[in-house]
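No value in this document is a laboratory result; all are computed from the given coordinates. Note that the coordinates shown come from a computational prediction; the quantities given were computed from them, not determined experimentally. Neighbour counts are summed over all protein chains in view; Cβ atoms, including those assigned to glycine, are modelled from backbone coordinates with ideal geometry.
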Amino acid sequence: MARYTGAVCKLCRREGMKLYLKGDRCFTDKCSVGRRAYAPGQHGMTRKKPSGYGMQLREKQKVKRVYGILENQFRLLFAEADRQKGVTGETLLRLLELRLDNVVYRMGFGDSRKEARQLVRHGHFIVNGKKVNIPSYEVKLNDLIAVKASSKASEKFKALAEEATAKTAPQWLSVNAEMMEARVITLPAREDIDIPIEEHLIVELYSR
């Protein structure tokens, strides 16, 4: 599957804000957004007032980059959100939050969603006792997500579990870092998502 393999700091600069795509590095002085607060490219320093469509497009691109998904995946998720009852924009964010790679990241097992996605792909996690290596897998209410037994003994996961104890999990997720597991105790609400997203712009874009 096609995947962006370029410098991820350029993505943050293009959106004009930190997307925290490189984990801890984003909190240091090495962060490119802090050093070069303008879009990459020859005309990056040229400031133009974006059109309505431009603002909608940038919001969609930002969300795609935060969660690390492709255009077709995003369209399918939006179509699913549009079919469900409730506010489409909030439903879309909930579906994004319930992706397995994002849940692993929210558990604290990974400095970034990219690292969490890699851990899932390598088969280190089980859902309700069954191995799942599909990052886009949608977890459900009351699902138990855990590190598989053979991976728990590795130094890598011992270090991750130690780091996870210092991180704050969202309210919809009950995390036991010592046992290297978490349970979905409620579905994510809009106020649980701390990313600055204006989801109504995405709905407007797909409604054009």
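I'm trying to understand the selection: among the residues of region 158-177, which are over 11 Å from V147 (Cβ atoms) and among the small types (G, A, S)?
Within region 158-177, A159, A166, A169, S174 meet the criteria.
Select from region 148-192 the residues that are within 17 Å of V127 (Cα to Cα) and of a type in the set (D, E, K, R) and list them in ascending order.
K148, K152, E181, R183
Sort out which residues of region 83-113 are in a helix (DSSP H, G or I), buried (at least 19 other Cβ atoms within 10 Å of the Cβ) and of a type in the set (K, R), and write them in order of number.
R94, R106, R113
Looking at (1) in a loop (DSSP other than H, G, I, E, B); (2) touching a helix residue (DSSP H, G or I) at 6+ places or on another chain (Cβ under 6 Å), find the lone condition where I145 falls short.
Going through (1) in a loop (DSSP other than H, G, I, E, B); (2) touching a helix residue (DSSP H, G or I) at 6+ places or on another chain (Cβ under 6 Å) one by one, I145 breaks only (1).
I'd like the residue in region 168-183 that is over 19 Å from K152 (Cα atoms) and of a type in the set (S, T, N, Q) and, out of all such residues, is surrounded by the fewest Cβ atoms within 10 Å (Cβ to Cβ).
Top of the filtered list is T168.
May I ask you to list pairs of residues, at least six apart or on different chains, whose Cβ atoms are under 9 Å apart, with the first in region 67-80 being under 15 Å from E199 (Cβ atoms) and the second being of a type in the set (D, E)?
Y67/E97; Y67/D101
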